[in-house]
Amino acid sequence: MGQQHARLLGRLNGSVRSGNSADLMMIASPNGWHPTHLGYAMDMRMPALVEKPLCLRSRQAIDLVDRAASLGLPSWVMMQARLNPTLVHLKELVDGGELGEIFQVDIQCYWNRDASYYRPGGWQGDPQLDGGTLYTQFSHVIDAVHWILGPWTRIQADIHNRTHQELHRLDDGGRITFEVGGSALGTMVYSTSAFGGNLDQSITVLGSKGAVRISGQYMNQFYWYKVQGRDKAPILPTTGPDDHRLALWRQVLSTLSKGAKPSSTDHLSTPTDLVGLSEAAKIVQLIEQIYQGAKRGPGTMEHLDRPMDESLPELPTKVFASAGI
């Protein structure tokens, strides 16, 4: 992710000031190092933007939220899917009551992660640095549904590691059931074993006044759009994750340029624009809850059976090599 963010910064046309001082720390290190590096930013009283997920343990998340609040320090997490126009429109439909009572929500995620991704000496697949597929691959879709429909309750999960046991001891697929929005039935199925590459991420919402299915590799297309009172789906910009990241960067820079002095780290702009630490912590807590309560197949999330390792994880040699260090 570091090179992607560097390219995006280049597209900001000089919006970031150069010199010996910095206005923002961008944290795009392996997941397990996020708390340490965010701690460095807090030590320097520097605003920070952290790649998702915020961290890999809810206890760490709570500590980070509390410390940022005590310092009055703005910090955000890179949940750029909230700037996806298709998802924004779905949230507007739900918030405006245009779909009526929500009956059911179905999430499907079919991606591919093979040996070229889980390279020897890399951080992907390492229990302390990666944490699991729901953190590293699918936290954006979990965040999107949580953001649009609310907290998940009555969670049950079955997860497995069927095709990756020689590459890692995490998870490569699963099935989750839950309730959301009070009483709507929710399901999520996910896999990183799809043949041939990433196929699709979709969210289907069934309500008493409408049915909407968003699909595409980055959830940016309407597959179904049946909404009472609307003839057809709106024409929205065709955007991808780089566009959403760029929009988020611009929101952060705009906020910093205004010199905002917020009372909360989560409301520096409108709630849909930026995700602060306390909001990001909810997703860490949700994913942790899914994993801890799941029925697990052989070779799946074995590190959860051991006490949490409080020592700092070592960075694999490949990380240094790829960074030219």
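Values in this text are rule-based calculations from the coordinates and carry no lab data. The structure displayed is predicted, hence computed values, not measured ones. Cβ placement follows ideal geometry from the backbone for every residue including glycine, while neighbour counts extend to all protein chains displayed.
Observations on the structure shown:
- Per-residue Cβ neighbour counts within 10 Å put Phe222, Phe195 in the sequence Phe195, Phe222, beginning with the fewest.
- Thr153, Thr255, Thr136 arranged by Cβ crowding within 10 Å, fewest neighbours leading: Thr153, Thr255, Thr136
- Ranked Leu93, Leu256, Leu248, Leu236, criterion: other C-beta atoms within 10 Å, fewest first: Leu236, Leu256, Leu93, Leu248
- Once you reduce the stretch 75-109 and the stretch 197-231 to the center of their Cα atoms, the two points are 10 Å from each other.
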